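The values are calculated or read from the model by the stated rules, or taken from the named source; none is laboratory data. Computed from a predicted model, the values in this text were never measured in an experiment. Cβ placement follows ideal geometry from the backbone for every residue including glycine, while neighbour counts extend to all protein chains displayed.
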Amino acid sequence: MKIKELVAKELNQRFGQPEWVSFSPGRINIIGEHTDYNDGFVLPAAVDKGIAFALRKNGQDQVRAYAVDLKEEQTIGLNDLQARSHGHWVNYIIGVMVALKDRGVKLEGYDLAFSGNVPLGAGMFSSAALECSLAEGLNQLFEGGLSTWDIALSGQYAEHHYVGVKCGIMDQFASSFGKENFVMKLDCRSKEFEYVPFDLRGYKLVLCNTKVAHSLASSAYNTRREQCEKGVSILKQYDSSIESLRDVSMELLQAHQSEMEEVIYQRCAYVVEENNRVQQACERLVAHDYDALGKLIYASHEGLSKQYEVSCSELDFLVEQTRNKDYVLGARMMGGGFGGCTINLVEESQVSSFIEEISAAYEKEFGIAMEAYTVVIGNGAEATEWAVEQPNFAFDEH
Ligand code: GAF
């Protein structure tokens, strides 16, 4: 059963007929990691997998929320939008509701059921998909009139204040603005972006999921952000126009290397270089110069692993395994790090043997059955009125 039908059916069985069903996708990122919160550039795209919500008003002063995949129901009082214990899935729901209320959406009581087919913890950002799917669904259910940027920013608000990760905007942006067959080059400072045709001639992007998610991910993420800010505060003394690492050149950074701890210098150097790589990668993608694109992708991994130190042995192993395969042009860890996926640029005709070989090697090394996906680029967040979308949909088990 398709995911939208599944959540509609679950909502109907538990609470009643859905009014709106929303869907928002996970994302990939070709290059530009940890650049978004430094006001830099990113090159993400939405995928064809994500999170769906079915929603209906319930005329009560509470929200009844059902997590289909966890088989768990929670109740949220409309006047009790406090965060629950750290890591609880309900915090995503509460965070999005607070963000929408702050933007003037008049929320009433409602019921929801949600489910996902984006692999959890795979670094394809299921949490942004969840936030943006709910935000768009509630926006329609309560006629909030919010823009696509409002949806993305509401998701980011929930992440910052209710999940505890001071993330950039890349994931929620990609989940909201994604467009089939396009990647997006986003300037995270100006919020301007362009859709770049995604037409990999003879190549495919393949994700290899390590199936590990090391627990230090969110604390290390916030620490990296602070280290970048530290670098900026040092450099600002020499040039007051510097607001973020986006404004810093390698020359300036090198000139002041001795004034900062080595770790701060390495973090900053990675970000400055990665920003340059995004610009180059975008040009190489458009020019169908995949050899050069692949080299930039490998260089990104080097930086993430050695300078930014957000990789882990599983991700490094998967990247190393590609080095002697001449049909793989580039590979790197993707997303925040410490687990999740690698993204690989692979010759189309070799995709199956690539997956077979790398899975066997990974299992031998770590005893974990890796998962692989060939990337299909999809559209961003959307919501449809369910009765209109599915006039003849029969809830026969009700
Ligand atoms: C996570 C964050 F949510 C993004 O904002 C981004 O910083 C990414 O890590 C690293 O590029 O996905």
Criterion: among the hydrophobic types (A, V, I, L, M, F, W, C), part of a helix (DSSP H, G or I) and under 23 Å from the mean Cα position of the chain (by Cα) - qualifying residue of VAL278, VAL310: VAL278
Filter the stretch 14-37 down to the residues that are within 30 Å of GLU385 (Cα to Cα) and of a type in the set (S, T, N, Q), then identify the one that is farthest from the ligand (Cβ to nearest atom). GLN17
For the stretch 350-384, enumerate the residues that are surrounded by fewer than 19 Cβ atoms within 10 Å (Cβ to Cβ) and of a type in the set (Ser, Thr, Tyr). SER352, SER353, SER359, THR374, THR384
Residues of the stretch 81-111 satisfying the condition of being out of contact with any helix residue (DSSP H, G or I) (no Cβ under 7 Å at 6 or more places or on another chain), at pLDDT 95 or above and not in a helix (DSSP H, G or I): GLN82, GLY104, LYS106, GLU108, GLY109
Taking the stated definitions as given, is ALA8 within 16 Å of the ligand (Cβ to nearest atom), among the hydrophobic types (A, V, I, L, M, F, W, C), farther than 22 Å from GLU309 by Cα and in contact with a strand residue (DSSP E or B) (Cβ under 8 Å, 6 or more places away or on another chain)? no
Sole exception among (1) modelled with pLDDT of 95 or more; (2) surrounded by fewer than 21 Cβ atoms within 10 Å (Cβ to Cβ) for ALA8, by number: (2)
All positions within the stretch 310-326 that are over 16 Å from LEU207 (Cα atoms) and either among the aromatic types (Phe, Trp, Tyr) or buried (at least 18 other Cβ atoms within 10 Å of the Cβ) (or both): VAL310, CYS312
Do we have any residue at all in the stretch 38-57 that's away from the ligand (no atom under 16 Å from the Cβ), in a helix (DSSP H, G or I) and not β-branched (Val, Ile, Thr)? no
Quick check on the stretch 131-174: of everything there that is surrounded by fewer than 20 Cβ atoms within 10 Å (Cβ to Cβ) and of a type in the set (Gly, Ala, Ser), which residue is nearest to the ligand (Cβ to nearest atom)? GLY164
Consider LYS204 carefully, then state whether it is at pLDDT 95 or above and within 25 Å of the chain's Cα centre (by Cα). yes
Only listed residue being within 12 Å of the ligand (Cβ to nearest atom), at pLDDT below 95 and out of contact with any strand residue (DSSP E or B) (no Cβ under 7 Å at 6 or more places or on another chain), chosen from GLY340, GLY336: GLY336
Name the single residue that is nearest to the chain's Cα centre (by Cα) among those in the stretch 152-166 being closer than 14 Å to ASP36 by Cα, of a type in the set (A, V, I, L, M) and part of a helix (DSSP H, G or I). ALA152
Of the candidates ILE51, ILE3, ILE30, the one satisfying the condition of being in contact with a Cys (Cβ under 9 Å, 6 or more places away or on another chain) and over 30 Å from ALA299 (Cα atoms) is ILE51
Out of (1) at pLDDT 95 or above; (2) more than 16 Å from the ligand (Cβ to nearest atom); (3) surrounded by 14 or more Cβ atoms within 10 Å (Cβ to Cβ); (4) closer than 30 Å to TYR290 by Cα, what's the single condition that is false for LYS185? (2)
